[in-house]
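Just below is one structure, and these are the notes that go with it.
Taken together, the values in this text are just the output of simple stated rules run on the coordinates, not laboratory data. Because the structure is predicted, anything quoted here is derived from the model rather than measured. Neighbour counts are summed over all protein chains in view; Cβ atoms, including those assigned to glycine, are modelled from backbone coordinates with ideal geometry.
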Ligand SMILES: [Mg+2]
């Protein structure tokens, strides 16, 4: 028996967007300080900046190669530190617990798929286990969304089929990843994108916020 599932993005969807405006600048500065040219990581997401820079350093035929591991470890520590700091001031939107309970009562298995680290999610939502069946955070997966394998790992753990399940998020990458698996994709306007951007990225429906899911998913 397979249950339908609802997979949620986390920040911008169940909690306000974390204030991480400075994180990208800091991570790019660390790459530069390690000797990595900007062209190696232009336009990448934050974790991918570290991965690309680490790979580039490892391939250099100089002392730079021996600094690759220390560079990557320090950069990952920095994003964790920045995230944990932001998480300490952030909590779920007011009716999140109630809405999650209502969706469960309707027979949905519930998952969270996020590029945040697990410790940050649990700082913001310490009783998450009472409301959500499975979390796949940054440190739980090898492939991060928009790679659809991030969502597939969560669906597999929930015993759910993509075609019967729903991806909910505020990000274009949430919609892209869900669409790649043939999921129903619901955009929410509580984060970083407007209706146009979410629809362009593959949203089949766009809601003001998570509360609209209870009537949408009958
Ligand atoms: Mg988000």
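For the reader, a short list of remarks on this structure follows.
- Computed label-point distance, nm, for sites residue 89 and residue 156 using a 7 Å Cα→Cβ extension: 3.9
- Peptides 89-96, 182-189, 129-136 ranked from most to least packed give 182-189, 129-136, 89-96, packing being the mean of other C-beta atoms within 10 angstrom over each peptide's residues.
- Between residue 62 and residue 29, the FRET efficiency estimated from the beta carbon spacing at R0 = 25 angstrom works out to 0.75.
- Rounded to the nearest 500, the 222 nm mean residue ellipticity of the chain from helices alone is -12500 deg cm²/dmol, with -39,500 (n - 2.57) taken per DSSP H run of at least 4 residues.
- When peptides 207-215, 112-120 are ranked by their average number of other Cβ atoms within 10 Å per residue, the highest-first order is 112-120, 207-215.
- Relative contact order computed over the stretch 65-135 (Cα-Cα under 8 Å; 6+ residues apart), in percent: 40
- In the chain, the longest principal axis of the Cα atoms and the axis of helix 149-158 are about 40 degrees apart.
- Three-way shape call for the stretch 1-62 based on the alpha-carbon gyration tensor, with the a/c threshold at 1.5: oblate
- 12 Å cut-off, amide nitrogen to a point 7 angstrom out along residue 204 Cα→Cβ, residues in the stretch 154-169: 162-168
- Prolate is the label for the chain. Its Cα gyration tensor axes, ordered a ≥ b ≥ c, give a/c of at least 1.5 and a/b above b/c.
- Whether the stretch 75-204 is rounded, prolate or oblate, judged on the alpha carbon gyration tensor where a/c under 1.5 counts as rounded: rounded
- Choice from 71, 45, 108 with maximal GNM fluctuation in the chain (Cα, 10 Å cutoff): 45
- Extension gain, residue 127 back to residue 139 (0.36 nm per residue minus Cα-Cα distance, nm): 2.4 nm
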